[in-house]
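Structure first, commentary second.
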Amino acid sequence: MPSVREAAFDLLRAHGMTTMFGNPGSTELPMLADFPDDFRYVLALQEAVAVGMADGFAQASGTVGHVNLHTAPGVGNAMGAIFNAQANKAPLLVTAGQQVRAQMTYQANLTNRDATRMPHPLVKWSYEPPRAEDVPAALGRGIHLASLPPAGPVFLSLPMDDWTAEADAGDAARTVARRVSGAAGADPDAVAALAARIDAATSPVMVAGGDLDACGAWDAAVELAEKAGLPVWATPAPGGGRIGFPESHPHFCGVLPPAIGPAGQTLEGHDLVLVAGSSVFPYYPYIPGPPLPDGAELVAITRDPDEAARAPVGDAIVADPRLTLEALATAVGSRPAPESQPAPAPAEETDPIGGGQVHTVLADVLPEDGIVVVESPSSTAALRTRLRISRPGGYYFSAGGGLGFGLPAAIGVQLAQPDRPVVCVLGEGSAQYAVTGFWTAAAYGVPVTFLVLNNSEYSILKWFAGMEQVEGAPGLDLAKLDTAAVAAAYGVSSRKVEGTEELRDALTAALASDAPELVEVAVAPGMALF
Ligand SMILES: Cc1ncc(C[n+]2csc(CCOP(=O)(O)OP(=O)(O)O)c2C)c(N)n1
């Protein structure tokens, strides 16, 4: 009979889940005993960083990411990152150790007394198997649930004495053999009706969301846009964790503003809005107004039933966006291409340089297959204007908005995509939420280029203060924060630069290096909107 541990690792292996992120404690050691040679354990020094790495890894690899946490306090540390993972729709298996079953009832030290309730609102399923021999089946159920749409994290609390128990060989083999797939196409009648609505519209438009990237729908989106002559907007940046349409394509118009009124105004002139792979819409801040132009209609295609149900306006089809867009591209009639948007004006030159200049340089030096992982709040808009990401899997951003995602996620993305250069673009404030990730990058030789924009303040919060008519709020300045020194202390080679020439040279060298490198650039305070 195999042990529960052998059966569990066989299952993980069968799903290609041979990378485990984690931070171990005494309650996790029995799971990690005799760690198989074909598995890789990636140590994070804090649990939120472990989850962030697993999140990036899961999204960029297309497999279920596995992160193993230390019982109650480890899960507690990880909660913000689990929140981000569910917003990112990252398929994650989150396991955590638990006290020995025999002394859980007495609440021995480190017992997580309400283990399944702890991460509950943030995960699709939270479970503690009733018996040791149920652990492999519970892991299997968790892996399938995490990856079925809408993908997201699941949580399993696993008592530490379960691993050496005997598993039933037949049950274990049947669990390992199971495959579950969830790409469901749309009802053909719904596709035909929607194609007819697109054909009948005077000026239809598409809004592309990040889930198009996750479900491999770029080609289908381009095919439909080109055939039906649709201009294409990207869904508002705060919730667009990924990019669903090539931003250098002549049909691409820009990123929709993230507030109700301005988004509605931007869509002015269109009578049918086709949203694909996004909620309607990830709004923030609150600027009221009609969500659509007068008389316009909206249809959303999403594989997330909750997104379909909660949209404030329009109809929705719950189906796989790739299959649905492919079917639509066949069914719609042809129309001429829309007028292209003019290229953006060069970024304004300032001293110190601004986010627009930084991202102009980044656009110049980033190889075509480069990936950016972005957590630079005041310069995200400028980055989207300047970079025009045009390859699938080229952009990752925290759809949940919780800081501390970017730095570890970039490490996970780079581990999943070792052949593509990864640049992690961080505000100096954002970097601080996950600095221990620098140690993992250095210790495992993960060659991420960290680009830190230092404006010595929480710029975006000062901008929000203006929006919210708040005056005199404390805690918005970050004088003397030396991120390069922090990264160097963790073993990442770091340098500080000023001006576009120094930045260009430093980034070029960092991208050519096969080790992690950090470039910290001094930038002007304030928002860089383009
Ligand atoms: C976990 C978490 N805590 C706090 C915030 C609130 N917050 C949003 S942006 C921001 C400032 C980020 O500063 P920095 O990275 O320097 O970016 P800048 O606005 O200066 O570009 C803060 C604190 C958050 N989003 N997530």
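Of all the residues in segment 60-82, those that are open to solvent by 10 Å² or more (accessible area, probe 1.4 Å), within 16 Å of the ligand (Cβ to nearest atom) and touching a residue at least 40 places away in the same chain (Cβ under 8 Å) number 4. Within segment 367-377, does at least one residue satisfy the condition of being in contact with a Cys (Cβ under 9 Å, 6 or more places away or on another chain), within 12 Å of the ligand (Cβ to nearest atom) and either open to solvent by 10 Å² or more (accessible area, probe 1.4 Å) or within 26 Å of Lys480 (Cβ to Cβ) (or both)? So far as segment 367-377 goes, yes, one or more of its residues are in contact with a Cys (Cβ under 9 Å, 6 or more places away or on another chain), within 12 Å of the ligand (Cβ to nearest atom) and either open to solvent by 10 Å² or more (accessible area, probe 1.4 Å) or within 26 Å of Lys480 (Cβ to Cβ) (or both). Taken over segment 436-476, the criterion of being within 21 Å of Met53 (Cα to Cα), aromatic (Phe, Trp, Tyr) and part of a loop (DSSP other than H, G, I, E, B) is satisfied by Tyr444 alone.
Conditions (1) surrounded by 20 or more Cβ atoms within 10 Å (Cβ to Cβ); (2) touching a strand residue (DSSP E or B) at 6+ places or on another chain (Cβ under 8 Å), marked per residue:
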{"position": "Pro231", "(1), (2)": "yes, yes"}
{"position": "Ile243", "(1), (2)": "yes, yes"}
{"position": "His251", "(1), (2)": "yes, yes"}
{"position": "Pro258", "(1), (2)": "yes, no"}
{"position": "Gln265", "(1), (2)": "no, no"}
{"position": "His270", "(1), (2)": "yes, yes"}
{"position": "Pro290", "(1), (2)": "no, no"}
{"position": "Arg303", "(1), (2)": "yes, yes"}
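Quick check on segment 265-285: of everything there that is of a type in the set (Ser, Thr, Tyr) and out of contact with any Asp or Glu (no Cβ under 6 Å at 6 or more places or on another chain), which residue is farthest from Ser203 (Cα to Cα)? First the steps, then the outcome.
So in segment 265-285, the residues of a type in the set (Ser, Thr, Tyr) come out as 266, 278-279, 283-284.
Right, trim to out of contact with any Asp or Glu (no Cβ under 6 Å at 6 or more places or on another chain) and you get 266, 278, 283-284.
Details: Thr266: 14, Ser278: 21, Tyr283: 24, Tyr284: 27 Å.
In this case the residue turns out to be Tyr284.
Please go through segment 78-94 and give me each residue that is of a type in the set (Gly, Ala, Ser) and in a helix (DSSP H, G or I), ordered by number.
Initial filter on segment 78-94 (of a type in the set (Gly, Ala, Ser)): 78, 80-81, 85, 87, 90.
Ala78, Gly80, Ala81, Ala85, Ala87, listed by residue number.
Select from segment 478-492 the residues that are open to solvent by 80 Å² or more (accessible area, probe 1.4 Å) and modelled with pLDDT of 95 or more and list them in ascending order. Selection gives Ala489 alone. Residues in segment 496-516 that are surrounded by 17 or more Cβ atoms within 10 Å (Cβ to Cβ) and in contact (Cβ under 8 Å) with a residue 24 or more places away in the chain were compared, and the one that is farthest from the ligand (Cβ to nearest atom) is Leu511.
The set of residues from segment 350-366 being part of a loop (DSSP other than H, G, I, E, B) and surrounded by 12 or more Cβ atoms within 10 Å (Cβ to Cβ) comprises Thr350, Pro352, Ile353, Gly354, Leu366.
This table checks each residue for (1) of a type in the set (Val, Ile, Thr); (2) surrounded by 14 or more Cβ atoms within 10 Å (Cβ to Cβ); (3) part of a strand (DSSP E or B).
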position	(1), (2), (3)
Ala300	no, yes, yes
Glu307	no, yes, no
Val313	yes, yes, no
Thr324	yes, yes, no
Thr330	yes, no, no
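For the structure I just gave you, tell me whether Leu403 is under 19 Å from Gly52 (Cα atoms), within 16 Å of the ligand (Cβ to nearest atom) and either open to solvent by 30 Å² or more (accessible area, probe 1.4 Å) or assigned to a loop (DSSP other than H, G, I, E, B) (or both). Yes; evaluated as a whole, the condition is true for this residue.
It is to be established whether one or more residues within segment 139-146 are assigned to a loop (DSSP other than H, G, I, E, B) and of a type in the set (Val, Ile, Thr).
Start the filter on segment 139-146 by keeping residues that are assigned to a loop (DSSP other than H, G, I, E, B), which leaves none.
Checked segment 139-146: no residue is assigned to a loop (DSSP other than H, G, I, E, B) and of a type in the set (Val, Ile, Thr).
For segment 489-501, a residue qualifies if it is in contact with an Asp or Glu (Cβ under 9 Å, 6 or more places away or on another chain) and part of a helix (DSSP H, G or I), and the qualifying residues are Gly499, Thr500. Residues of segment 19-39 that are outside any helix (DSSP H, G or I) and open to solvent by less than 40 Å² (accessible area, probe 1.4 Å): Thr19, Met20, Phe21, Gly22, Asn23, Gly25, Thr27, Glu28, Ala33, Pro36, Phe39. For segment 227-237, the criterion of being under 28 Å from Arg391 (Cβ atoms), in a loop (DSSP other than H, G, I, E, B) and within 20 Å of the chain's Cα centre (by Cα) is met by at least one residue.
So which residues in segment 124-144 are within 24 Å of the chain's Cα centre (by Cα) and either crowded, with 20+ Cβ neighbours inside 10 Å or among the aromatic types (Phe, Trp, Tyr) (or both)? Step through it out loud before you land on a result.
Pass one, segment 124-144, residues within 24 Å of the chain's Cα centre (by Cα): 124-126, 139-144.
Those that are within 24 Å of the chain's Cα centre (by Cα) and either crowded, with 20+ Cβ neighbours inside 10 Å or among the aromatic types (Phe, Trp, Tyr) (or both): Trp125, Ser126, Leu139, Gly140, Gly142, Ile143.
The condition of being more than 15 Å from the ligand (Cβ to nearest atom), assigned to a strand (DSSP E or B) and touching a Ser or Thr at 6+ places or on another chain (Cβ under 6 Å) holds for only one of Val519, Val423, that being Val423. No other residue among Phe57, Phe39, Phe9 is of a type outside the set (Asp, Glu), under 22 Å from the mean Cα position of the chain (by Cα) and either more than 21 Å from Met79 (Cα to Cα) or at pLDDT 95 or above (or both) apart from Phe57. Residue pairs whose Cβ atoms lie under 8 Å apart, separated by 6 or more positions or on different chains, with the first residue in segment 99-126 and within 26 Å of Ala146 (Cβ to Cβ) and the second charged (D, E, K, R), are Arg101/Asp161; Arg101/Asp162; Met104/Arg113; Ala115/Glu128; Thr116/Glu128; Trp125/Arg141; Ser126/Arg117.
Candidates Ala347, Ala431: the one that is within 15 Å of the ligand (Cβ to nearest atom) and either part of a loop (DSSP other than H, G, I, E, B) or crowded, with 24+ Cβ neighbours inside 10 Å (or both) is Ala431.
Among the residues of segment 434-477, those that are open to solvent by 50 Å² or more (accessible area, probe 1.4 Å), away from the ligand (no atom under 14 Å from the Cβ) and either closer than 29 Å to Ala515 by Cα or of a type in the set (Gly, Ala, Ser) (or both) comprise Trp439, Ala443, Tyr444, Gly472.
The values are calculated or read from the model by the stated rules, or taken from the named source; none is laboratory data. From a predicted model like this one, the values you see are computed outputs, not experimental measurements. All Cβ positions, glycine included, derive from the backbone under ideal geometry; neighbour counts span all protein chains shown. Surface accessibility is based on the protein's heavy atoms, side chains included, excluding ligands, DNA and RNA. Shrake-Rupley method; radii C 1.70, N 1.55, O 1.52, S 1.80 Å.
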